[in-house]
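In what follows, a structure is listed as structure tokens, so that the remarks can point back to it.
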Number of protein chains: 2
Amino acid sequence: MEYKFSDKVNTLKASAIREILKFTADPDVISFAAGNPAPEAFPKEKIAEISAQLLRDDPILALQYSVTEGYTPLREFLKQWLGQKNCFHPEFDDLIITSGGQQANELSCKVLLNEGDTLLCESPSFIGSLNAFRSYNVNLKGVKMDSDGINIEELENALKSEKNVKILYLIPNFQNPTGKTMSLEKRKVVYELACKYDFIILEDDPYGELRFSGENIPSIKSLDTEGRVIYSSTFSKIISSGFRTGFVSAPSPIIQKIVVCKQVSDVHSNIWAQVVSHRFMTTVNLPEHFKKLRDIYRKKSSLMLQYIENDFSKKVSFVRPEGGLFIWCTLPENCDMNDFCKKAVQDYKIAVVPGNSFSVDENEVSHSFRLNYSTPTDEQICKGMEILSRMTRDLLDN
Amino acid sequence: MEYKFSDKVNTLKASAIREILKFTADPDVISFAAGNPAPEAFPKEKIAEISAQLLRDDPILALQYSVTEGYTPLREFLKQWLGQKNCFHPEFDDLIITSGGQQANELSCKVLLNEGDTLLCESPSFIGSLNAFRSYNVNLKGVKMDSDGINIEELENALKSEKNVKILYLIPNFQNPTGKTMSLEKRKVVYELACKYDFIILEDDPYGELRFSGENIPSIKSLDTEGRVIYSSTFSKIISSGFRTGFVSAPSPIIQKIVVCKQVSDVHSNIWAQVVSHRFMTTVNLPEHFKKLRDIYRKKSSLMLQYIENDFSKKVSFVRPEGGLFIWCTLPENCDMNDFCKKAVQDYKIAVVPGNSFSVDENEVSHSFRLNYSTPTDEQICKGMEILSRMTRDLLDN
């Protein structure tokens, strides 16, 4: 038979990154295209210990159906933990556990937007979220970024010209893919605009704990006095990505709707991972654990940056990240970025992600590509960056 | 601020069963309202053993990001296992792991239906699926059931009168909530109608392995020659519900779209549970494991049925299930079912689920209620059913 799909998913494509990752099945290819946490960042012994104890002493808790909102002790812990960072306001917020940050962002869109309503976001932005929004057939409109985050003038223009703007989606810390961090000044302006134009800010903060240089900047959620900010985060980068355990702090009426939508989506998130996460967060020395993670990423990013600074063609510009997992490089305008990325993987056996994979408007021309330093080993970084450096010089300096 | 929600979720309510379950927090209340597998049905020692080995020998596999389609060895196992039951046709089907059967049904609706398209289903039916369909603002139309499944005449009338019928949703084995099983004859007729009227059958089979009497009936998927059947099932009732591990076998083009939608929903399902499920299914003696489960549910259902047959007022009719988790009881027409259920929980401290919780049309009058025998202990069944029997006699026979 001939299959007819719904309009909302008909043109939806799998992440372009997945196509690139196919090349990385070739053992000769060194991949800087992924976005996985460093394997050494997973606290695997502690997880094994907690899990063994849980499955021995409390197996039914870990194996039976649970409640949609999430494991109550974990929710209580997170309310307190996020409360300390002013990301949970007990007077008007509530909190739900989600199946990763991905589900938090998807359901926020589902509960607030009708087809055709407008969602604004940084451009470029995280492909997974963009596709989630696209899957609800909303009017997705990108706003260009400066070095300190979204361009305010262009944002205000979009707020005036676009119809039914309901959500502004932002990744203020070490944004994916650019690695950029939004300044406190801009966070304040953006929040003021939310109040003025009456929209919701969806603040996605998967990398917040991975700051390895500079000073912490208060979240937009911490500025929230009117109940306009949905704050989503995840244990993917601080405990385990395979857990698929994320969380959202948002005004209670929004959480209530997310609960109903989550219930019909997957009933609840894997409960073993929720209990293990709770016991991990409440028994380890958290500052020490986070310090360990930051040390890993500081070291790996420095290693990669060293090649970019010293060995890349000077015609390649880049963003120096203060945390997170990515470095954003930009080629000179006369160089075709797609050709560059194709050549990199086919001729030089180095996989990077072409910048237009992250574009909101797919026809937009990008001259950038994304490098990841968390997934490769140090040896792979050295070997791969040496090759990539040579390639930039061969192509751009001759 | 005042929150405005999307039309599709604006009127969506949390499952009414959850409201009833709140009463069950009262320790004096005996609950026949849940739908959890019996705790003794979870193979907890084996899961603990497999998990310990996995987290010791292969921790990164269990903790790192994985692929959206699901853990490859589990998919390969399922293709073979379902293939043996003729529920996977290698010439046109593919298979994906989902976050429980719930996600399988939700995403099937998302990829195939536009807002306003029609989805037909049995009425009453599983509230979780009904709400998932409602959350996409589709035209949900229930078709009444006979003792051997959906009423064919009414189904054909609906096919002629409703616009854009895209999916017929069915739970052919030990349906939730009625416990009814669809006859082979009806399965064949329904499949023929799918071919004639060009729609997709979504066959939800969470309880298939829990048949404790009668003969197995071939699935509708096993009759599928044209690629019209989406077959979804889950490990919730045969390994662990807390895992949230389900699976879908369907024509490749449909699976491809489900993969894209799953990617934007939760990236992938918890990978620890997928690997544990695979190792469980491939190392235990499966026929023996299933026999153990069937013995548990045969015994518990018999215990409950004994009270209904011997001690209930004869004015209460019921469906004798051949498997699954539920018994469907129907009061005489002059008895108000909602009053009965309210009285049961408030005065007699017995929680049952009012039948209209499962109605497709919420204004439909129901005289039935659902009993569950898998969650309570044998002692609770005896004590609770004695009370409920007395209540039916008090109310109906005096």
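The values are calculated or read from the model by the stated rules, or taken from the named source; none is laboratory data. Model, not experiment: these values are computed from the prediction. Virtual Cβ from ideal backbone geometry, glycine too; neighbours counted across all protein chains shown.
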- If B:D198 satisfies every condition in (1) within 19 Å of the chain's Cα centre (by Cα); (2) within 14 Å of another protein chain (Cβ to nearest Cβ) but one, which is the exception? (1)
- Going by the conditions given, is B:S265 crowded, with 20+ Cβ neighbours inside 10 Å and outside any helix (DSSP H, G or I)? no
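Condition check: hydrophobic (A, V, I, L, M, F, W, C) and facing another protein chain (nearest Cβ under 8 Å). Does B:F235 satisfy that? Reasoning before the result, please.
On the way: hydrophobic (A, V, I, L, M, F, W, C): yes; facing another protein chain (nearest Cβ under 8 Å): no.
It is false that B:F235 is hydrophobic (A, V, I, L, M, F, W, C) and facing another protein chain (nearest Cβ under 8 Å).
Go through region B:54-101 residue by residue and tally those that are hydrophobic (A, V, I, L, M, F, W, C) and either touching a His at 6+ places or on another chain (Cβ under 9 Å) or more than 14 Å from every other protein chain (Cβ to nearest Cβ) (or both). Walk me through how you get there before you give the answer.
First, pick out the residues of region B:54-101 that are hydrophobic (A, V, I, L, M, F, W, C): B:54-55, B:60-63, B:67, B:74, B:77-78, B:81-82, B:87-88, B:92, B:95-97.
Retained after the next criterion (residues that are either touching a His at 6+ places or on another chain (Cβ under 9 Å) or more than 14 Å from every other protein chain (Cβ to nearest Cβ) (or both)): B:67, B:74, B:77-78, B:81-82, B:87-88, B:95, B:97.
Residues flagged as hydrophobic (A, V, I, L, M, F, W, C) and either touching a His at 6+ places or on another chain (Cβ under 9 Å) or more than 14 Å from every other protein chain (Cβ to nearest Cβ) (or both) within region B:54-101 amount to 10.
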- State the number of residues belonging to region A:269-311 that are touching a strand residue (DSSP E or B) at 6+ places or on another chain (Cβ under 8 Å) and farther than 14 Å from A:A41 by Cβ. 5
- Item | Residue in region A:18-26 that is part of a helix (DSSP H, G or I), more than 20 Å from the chain's Cα centre (by Cα) and in contact (Cβ under 8 Å) with a residue 60 or more places away in the chain present | yes
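Only one residue in A:F42, A:F32 is at the interface with chain B (Cβ under 8 Å from one of its Cβ atoms) and surrounded by 20 or more Cβ atoms within 10 Å (Cβ to Cβ), so which one is that? Reasoning before the result, please.
Values: A:F32 fails: at the interface with chain B (Cβ under 8 Å from one of its Cβ atoms).
Going through A:F42, A:F32 in turn, just one is at the interface with chain B (Cβ under 8 Å from one of its Cβ atoms) and surrounded by 20 or more Cβ atoms within 10 Å (Cβ to Cβ): A:F42.
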- Item | Selection count where residues are within 11 Å of chain B (Cβ to nearest Cβ) and touching a helix residue (DSSP H, G or I) at 6+ places or on another chain (Cβ under 9 Å), scope region A:102-125 | 14
- Task: Just one of (1) farther than 28 Å from A:D266 by Cα; (2) in contact with an Asp or Glu (Cβ under 8 Å, 6 or more places away or on another chain); (3) basic (K, R) trips up A:K221, so point out which.
- Result: (1)
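Give B:K163, B:K186, B:K141 a once-over and let me know the one that is farther than 28 Å from A:C261 by Cβ and basic (K, R). Before the answer, list the steps.
Values: B:K163 fails: farther than 28 Å from A:C261 by Cβ; B:K141 fails: farther than 28 Å from A:C261 by Cβ.
Every option except B:K186 fails the conditions.
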- When you scan region B:1-27, how many residues do you find that are away from chain A (no Cβ under 12 Å) and modelled with pLDDT of 80 or more? 2
- Read through the list (1) part of a helix (DSSP H, G or I); (2) within 11 Å of chain A (Cβ to nearest Cβ); (3) in contact with a Ser or Thr (Cβ under 9 Å, 6 or more places away or on another chain); (4) surrounded by fewer than 24 Cβ atoms within 10 Å (Cβ to Cβ), then give the number of the only condition that B:G227 fails. (1)
- Task: Scan region A:260-272 and give yes if some residue there is among the polar types (S, T, N, Q) and more than 14 Å from chain B (Cβ to nearest Cβ), otherwise no.
- Result: no
- If you take the residues of region A:170-192 that are free of Cβ contacts under 8 Å to residues at least 40 places away in the same chain and not in a loop (DSSP other than H, G, I, E, B), which of them is surrounded by the most Cβ atoms within 10 Å (Cβ to Cβ)? A:R187
- Task: For residues that are surrounded by 24 or more Cβ atoms within 10 Å (Cβ to Cβ) and either within 7 Å of another protein chain (Cβ to nearest Cβ) or in a loop (DSSP other than H, G, I, E, B) (or both), tally how many sit in region A:239-253.
- Result: 7
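If I ask for residues that are farther than 20 Å from B:T282 by Cα and under 24 Å from the mean Cα position of the chain (by Cα), which ones from region B:37-77 would you list?
B:P37, B:A38, B:P39, B:E40, B:T68
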- Task: Could you check, for region A:286-299, whether at least one of its residues is in contact with a Lys or Arg (Cβ under 8 Å, 6 or more places away or on another chain), hydroxyl-bearing (S, T, Y) and under 30 Å from A:S359 (Cβ atoms)?
- Result: no
- Residue check: is A:N36 among the polar types (S, T, N, Q) and not assigned by TED's automatic domain parsing to the domain that holds A:I350? no
- In region B:297-330, what count of residues is obtained for those that are under 18 Å from the mean Cα position of the chain (by Cα), outside any strand (DSSP E or B) and aliphatic (A, V, I, L, M)? 2
- Query: Within region A:1-17, which residues are farther than 16 Å from B:V111 by Cα and in a helix (DSSP H, G or I)?
  - Reply: A:A16, A:I17
